[in-house]
Structures are given as C-alpha cells and as structure tokens.
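Presented below is the structure to which this report refers.
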Amino acid sequence: MEQRHLGRTGLRVSRIGLGTLTWGRDTDEHDAADLLKTFWEAGGTLVDTADVYGDGESEYLLGKLMDGLVPRRDLVISTKAGSLPDPDRRFDGSRGHLLSALDASLARLGTDYVDVWHVHAYDPLTPMDETLAALDTAVGSGRVRYAGVSNFCGWQLAKAATWQLAAPGARTRLASTQMEYSLLQRGVEREVLPAALDLGIGLLPSSPLGRGVLTGKYRNDSAPAGSRGASEHLALFVEPYLDDTASRIVDAVTTAADGLAVTALQVALAWVRDRPGVAAPIVGARTAQQLTAALSVEALSLPDEICRALDDVSAPVHRYPDHDWSTL
C-alpha cells in the first residue's frame, strides 16, 4: 500500500487506515484478529482507536493482538483522549484529564508510546493553551511521537495550530486533524480543510463511506442484518444519511461504479482518499471480507470526469464568508 506523509511531518502512514470503533463491543477478538492481520498483510500501517471506544475495550483488544499477532514496530497507532461518557460534560481537555487518559491508554495498549495522539474534541471550558500544553508534555516525555486534534472547527484548528507554531522547538506542531469527510459530508471543505492545507496539517477522514451509506447497502429503505443501520448502538448514527439528498448522491456513485466495472464502495473511497490534503481515510470494517473489499481500492484512480461529476452532485453550499466568497 502506498505510504503518505502525515501533514508536514516526517511520519509516513498507509493511505488507508483501519478504524476500531466497534472493537470490544460489536467486533470480538477473533474478528478483530482477522481484520488486523488482513490489514497488515496488505501493507497497512495506520490503526486508529480512542480511549472511549468500547469503554476502553478497543485499545485493550488492539494491545492484546499486538502482543503476538502483528509486530508493534510495523504499526502506526493513533488514539484519542478528551471525550467523556457524561451527558453533562461531554469533553474534558484539561491537562490533568488528558495526561491521565494517556497513561490509561498506554496501559491498555501494552506499549510505552503511541505514534499519534489526538485531542478528541474541543473543550470550551478549558483554555486552549492548557490543552495544547498537555500535548507538548506528552511528546516531551516520549509517550507520544506526534500530536493532533479531532473534531475542531476551522477557527479552532487554525488557532491551535498557530499557537503551536508560534514557539518552534518549544511546542509540538500539529501533525493531523481527524474529521468526518465523505461525499455525504463535505462540511470540512468550508474552513477546516483550507486551514489544514495552509498550516501543513494532514486530514484523516473518518466515516469516509458516509457511515456505510455510500456502499449502496441501504438503497431499498432497509438496513441489512449485521449492518450499522441495524445495530442497536449505531442505527441513530446512520439515520441522518438516509434522506433524499443522500439517495441522489448514492445513485450517482452507483452509476459511476457500474461504468467503471467496480463497486460503489471503491468509488466513494477513492474519491475521498485522493482529495487535496487527505492523508488517509479511516475505514471501519466489520469483517475481513469487507476490509479486503475496501483495500482493493489501492489499484483504483478515478478518471477526472468521474470526479467532476461526483463533485457536482455532492457540492456543499458555500456562502459568505467562506474562503471562496469572492466568486459568489
């Protein structure tokens, strides 16, 4: 698998990443082992998790598998901290919480460092410089090699990255931002992606298949057994992308796939993988067979005319004061 630099850093990652959102909850140890081995044998390196996935079970399971199945040195492990299972306070970016969460993540993963550590979301109750100082402490201690953020809007990302760049050598530059991005969700193109491109931050798209909807599996107004749309935990996650607008985009993806003699999954994944600024979409497959289907996109590059057609049918509304407002 082709390797790409993560933003303006020396770290190289596989241009498709493996997501572990369901590990330890809907994905058991046997299936997780099959997924990790399939990914590794295909040349994949970037594996993404978080301390809240499965209440920590995702990290624990990944650490258990690294203990004998796949060498730690062959993987680029990305994890996140800052989300809370608390309806009254969903995010905690305080220094104390983040550094304690990092220690707990390392213990579950069974490793003394993570390659990329992300702040899971912006915490409006904590000064940003305090949150960012925790990243510097983590990198300075050797427990983290590269740092990033997740789910920061445009001004939050720009402010955080600029703060880090203001003291080169003393502060850790942001390597990456993880955001939802697909043909069904192009909101990052308004401000987040332009900021990331300008500041040398690599984008790691989550849900690059539109929460599974872009595969076409929900076209008949039904959720196939075993799908996320049929899952007790994830049905509400999929539901927003089952409207008429999404249906038109899925139809266009399917038409393009038929014309290229490939699958809708491959078309949707290739589109987001090759967007400017993207380092590696994170794919969360349920089975090794599904993952193999996703990894087969390595050989596919979409023709320019297909990309333009997909761009047109999924184009987000850009109005003042977006970065291209002067053309309106």
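The values are calculated or read from the model by the stated rules, or taken from the named source; none is laboratory data. Keep in mind that what you see is a predicted model, and the values were worked out from it rather than measured. So basically every Cβ, Gly included, is an ideal-geometry build from the backbone, and we count neighbours across all protein chains shown. For accessibility, only protein heavy atoms count, side chains too; no ligands or nucleic acids. Shrake-Rupley method; radii C 1.70, N 1.55, O 1.52, S 1.80 Å.
Screening the candidates Ala315, Ala309 for the property of being assigned to a loop (DSSP other than H, G, I, E, B) and open to solvent by 40 Å² or more (accessible area, probe 1.4 Å) yields one hit, Ala315. Where helices (runs of 4 or more DSSP H) fall wholly inside the range 220-297, the ranges with 3 or more residues that are modelled with pLDDT under 95, out of contact with any His (no Cβ under 8 Å at 6 or more places or on another chain) and surrounded by fewer than 16 Cβ atoms within 10 Å (Cβ to Cβ) are 235-238, 244-260.
With the checklist (1) modelled with pLDDT of 95 or more; (2) over 20 Å from the mean Cα position of the chain (by Cα) in hand, flag the one item His323 doesn't pass. Every listed condition holds for His323 apart from (1).
Conditions tested, residue by residue: (1) at pLDDT 95 or above; (2) open to solvent by 10 Å² or more (accessible area, probe 1.4 Å); (3) more than 18 Å from the chain's Cα centre (by Cα); (4) aliphatic (A, V, I, L, M).
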residue	(1), (2), (3), (4)
Phe152	yes, no, no, no
Trp155	yes, yes, yes, no
Lys159	yes, yes, yes, no
Pro168	no, yes, yes, no
Gln185	yes, yes, no, no
Ser207	yes, yes, no, no
Thr215	no, yes, no, no
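Just the residues that are aromatic (Phe, Trp, Tyr) and open to solvent by less than 40 Å² (accessible area, probe 1.4 Å), please, taken from the range 1-45. Selection gives Trp23, Phe39. Taking residues in the range 274-302 that are touching a residue at least 24 places away in the same chain (Cβ under 8 Å), and partners anywhere that are basic (Lys, Arg) and surrounded by fewer than 22 Cβ atoms within 10 Å (Cβ to Cβ), the pairs with Cβ atoms closer than 7 Å and at least 6 places apart or on different chains are Ala279/Arg4; Ala280/Arg4; Ala280/Arg15. Of the residues Gly56, Gly17, the single one that is in contact with an Asp or Glu (Cβ under 9 Å, 6 or more places away or on another chain) and small (Gly, Ala, Ser) is Gly17.
In the range 93-115, the residues that are under 14 Å from Ala50 (Cα atoms) and modelled with pLDDT of 95 or more reach residues that are open to solvent by 40 Å² or more (accessible area, probe 1.4 Å) and part of a helix (DSSP H, G or I) with C-beta atoms within less than 6 angstrom, at least six apart or across chains, in these pairs: Arg108/Tyr60.
Per-residue answers, yes or no, for (1) assigned to a loop (DSSP other than H, G, I, E, B); (2) of a type in the set (Ser, Thr, Tyr):
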site	(1), (2)
Leu125	yes, no
Thr137	no, yes
Tyr146	no, yes
Leu157	no, no
Ala160	no, no
Asp198	no, no
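Output the number of residues of the range 107-123 satisfying the condition of being more than 20 Å from the chain's Cα centre (by Cα) and of a type in the set (A, V, I, L, M, F, W, C). The number of residues fulfilling the criteria is 1.
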